[in-house]
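Chemist: Handing you a structure now.
The values are calculated or read from the model by the stated rules, or taken from the named source; none is laboratory data. These figures come from a predicted structure and were not determined experimentally. Backbone-built Cβ (ideal geometry, glycine too); neighbour counts: all protein chains shown. What goes into the accessible areas is simple: the full protein's heavy atoms, side chains included, and nothing from ligands, DNA or RNA. Shrake-Rupley method; radii C 1.70, N 1.55, O 1.52, S 1.80 Å.
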Amino acid sequence: MSKLALIDYGMGNLHSVAKALEKVGADVDLVKDADALKNYERVVLPGVGAFRDCMTALKETGLDVAIVEQLKQGMPFLGICLGMQALMTVSHEFGFYQGLKIIPGAVKHFPESHPERGFKIPHMGWNDVAFAADKPIHPVLSPLQNKQVYYVHSYYCTPENPEHMLAASSYGDYPFACAIGRDNIVAVQFHPEKSQKAGLAMLESFVNWNL
Amino acid sequence: MLSKRIIPCLDVAHGRVVKGVQFVDIIDAGDPVEAAIKYDEQGADELTFLDIRASHESRDTLYHMVTEVAEHVFMPLTVGGGVKALKDIEGLLHAGADKISINTAAIFNPELVKEAAERFGSSTIVVAVDAKKVGNHWECFTHGGRKPTGINAVEWAKRMSDYGAGEILLTSMDADGTKEGYDILLTRAVSDAISANVVASGGVGTLEHLAEGLRDGKADAVLAASIFHFGTFTIAETKTYLAEQGIPVRQV
């Protein structure tokens, strides 16, 4: 059992992420208080809503600084959807906003939709998780081999360092990073809490991940 | 590759499943949690719950039901029925729904869709469009297909998509209940016209109908009720069939 902080920055619904983590054995607390974060063994940053609002909320509560500090200390971190995008340097969502700058790179919007070609925004539904053939699969992501997971997003991360790319997917003709990370950090664009068995298995491997 | 989604639809009233789900091994056919677990096991890609007797008094019961379901299945849940205001949407999202379907309220107050999409995100907002053929076009109807609105359904779907709805739940009131297949021309017309995802609904009797909706209607997802509830086909059989037709589906 590991004491897990689920960051609550006042946006969206944490219910499903909390329930999914509990289902796989985590002892979950919703954490709003920046000072409390250091008392936990692992941290999950979920994400619903807009990048700007997310960063504003994290800054107002001091959680931005606390998260970066704990990441430096080596606390295992899982970012989900917007919680992945928040790790990047900047985002182009509704303007130009600074992220947590943990993973160098930008958050970009998919090109305009082309309904006649079946390319619609947001990218919504079940899609692949593809691993590079010449790289070992990250232990947290290993349950996702040959599985599809549930995505809902219009923006995607473009890490500058190919080493930070843990898995890729593609929508229409556009490949994108669906999992990034380094050291104690893993972040995914899809929603493991909505990806049935495969998603729960991934959360379980995060909860039991020993660096 | 993005899979086409297969969505069983459950009608609920007072927090119970109505219009019978008839799985052989289900103990309580009215229990939404049990039905959801069954569909989860079969590999449904998503579940839609429509509260057909939505009333102010039954809101809490619906919220409670959504919470219960969301504690047991970890897949996208769409909930609709009687959604009139932002606070209804907020309540359902907090209960554990991922997407909220707005029907009649969108017709009377289109701005609600715009406000909801801005506040909760496009991917959260579904607009249900009930369309019926009138002359050589389709028109939106309310109250279960009884009341005409004079609104062109394809133009309406486009407007709702432009207002930020991430998905259109498109039901042909002509096809609904016939088991003769989706209205493919309607589905195709809407799919080609809008940026939002299109979920085809109404009229499914065979697996071929599902394939037609996805291939010829160009829908992103297909919704069906009776063929799944009455055990005519399981989700797994459905997906095997669709995969044989060359349609991308998620195998579990």
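Chemist: Calculated from DSSP H runs of 4 or more alone, at -39500 (n - 2.57) each and per residue, what is the 222 nm mean residue ellipticity of the protein assembly as shown, nearest 500? Please report the intermediate quantities before stating the final value.
Modeler: On the way: 15 runs with 140 residues, N = 463.
Helix-only estimate at 222 nm: -8500 deg cm²/dmol.
Chemist: Kindly report the accessible area of the range B:15-143 per residue (heavy atoms of protein chains, probe 1.4 Å, no ligands, DNA or RNA), in Å². Working shown, then result.
Modeler: Values: 5190 Å² over 129 residues.
Averaged over the residues of the range B:15-143, the accessible area is 40 Å².
Chemist: Something else now. Fully extended, how many nm does the chain gain between A:N161 and A:D29 (0.36 nm per residue separation, minus their Cα-Cα distance)? Walk me through the intermediate numbers first.
Modeler: Numbers: separation 132, 0.36 × 132 = 47.52 nm, distance 3.30 nm.
Going from the current span to full extension adds 44.2 nm.
Chemist: What are the residues of the range B:84-109 that lose 40 Å² or more of accessible area, with a 1.4 Å probe, going from their chain alone to all protein chains?
Modeler: So the qualifying set is B:H94.
Chemist: What's the tally of Lys pairs in the range A:29-121 whose alpha-carbon atoms lie under 21 angstrom apart, where the two lysines are 8 or more places apart or on different chains?
Modeler: For the range A:29-121, the number of qualifying lysine pairs is 10.
Chemist: 5 Å is the cut-off here: which amide hydrogens, built 1.01 Å from N in the peptide plane, fall below it relative to A:G105, excluding neighbours closer than 5 in sequence?
Modeler: A:T89, A:V90, A:E160
Chemist: Quick check: at a probe of 1.4 Å, how many percent of the accessible area of chain B sits on carbon and sulfur atoms?
Modeler: Details: 4980 of 9740 Å².
Carbon plus sulfur share of accessible area: 51 percent.
Chemist: Further, regarding this structure: Distance between the C-alpha centers of the range A:46-76 and the range B:177-239? Whole Å please.
Modeler: Cα centres, the range A:46-76 to the range B:177-239: 42 Å.
Chemist: Same structure again: To the nearest 10 Å², what's A:W209's accessible area with a 1.4 Å probe?
Modeler: Its heavy atoms expose roughly 20 Å² to the probe.
Chemist: So how much accessible surface do B and A hide from each other in total, probe 1.4 Å, in square angstrom to the nearest 100? Each step should come with its number before you reach the end.
Modeler: Values: alone 11020 and 9690 Å², together 18090 Å².
What B and A bury together is about 2600 Å².
Chemist: Then there's this: Only Lys, Arg, Asp and Glu count, each charged at its Cβ (+1, +1, -1, -1), so figure out the dipole size of chain B about its Cα centre, rounded to 20 debye. Mind dumping the intermediate values first?
Modeler: Numbers: 24 positive and 36 negative charges, 122 e Å.
Its charge dipole is roughly 580 debye.
Chemist: Moving to a separate point now. Once every Cα of the range A:1-101 carries one equal point scatterer and solvent is ignored, give the base-10 log of I(q)/I(0) from the Debye formula at q = 0.10, 0.12, 0.19, 0.20 Å⁻¹, two decimals.
Modeler: -0.24, -0.35, -0.88, -0.97
Chemist: Looking only at other chains, what is the average number of their beta-carbon atoms within 10 angstrom of each beta-carbon in B:71-79?
Modeler: Numbers: counts 6, 2, 3, 18, 10, 10, 2, 0, 0.
Rounded to a whole number, the mean comes out at 6.
Chemist: Structure shown: which of B:K84/B:K158; B:K132/B:K179; A:K197/B:K99; B:K179/B:K218; B:K87/B:K218 lie over 24 Å apart, alpha-carbon to alpha-carbon? Spell out each step's value before the answer.
Modeler: On the way: B:K84/B:K158 21 Å; B:K132/B:K179 16 Å; A:K197/B:K99 21 Å; B:K179/B:K218 19 Å; B:K87/B:K218 33 Å.
Distance filter (> 24 Å) returns B:K87/B:K218.
Chemist: Provide a list, ordered by number, of residues in the range A:104-146 showing at least 30 Å² less accessible area with every protein chain present than when their chain is taken on its own, using a 1.4 Å probe.
Modeler: Output list: A:P115, A:E116, A:K120, A:P122, A:M124, A:W126.
Chemist: A follow-up question, please. Whole number in Å², please: accessible area per residue of the range A:117-177, 1.4 Å probe, ligands, DNA and RNA not counted. Mind dumping the intermediate values first?
Modeler: Numbers: 2690 Å² over 61 residues.
Accessible area per residue, the range A:117-177: 44 Å².
Chemist: Separation of the range B:66-86 and the range A:95-111 by C-alpha centroid, Å?
Modeler: 31
Chemist: In debye, nearest 20: dipole of chain A around its Cα centre with unit charges on the Cβ of K, R (+) and D, E (-)?
Modeler: On the way: 18 positive and 22 negative charges, 50 e Å.
For this selection, approximately 240 debye.
Chemist: Hey, any idea what % of the range A:101-211's accessible area is carbon plus sulfur with a 1.4 Å probe? Can you show the working numbers first?
Modeler: On the way: 2250 of 4450 Å².
That share works out to 50 percent.
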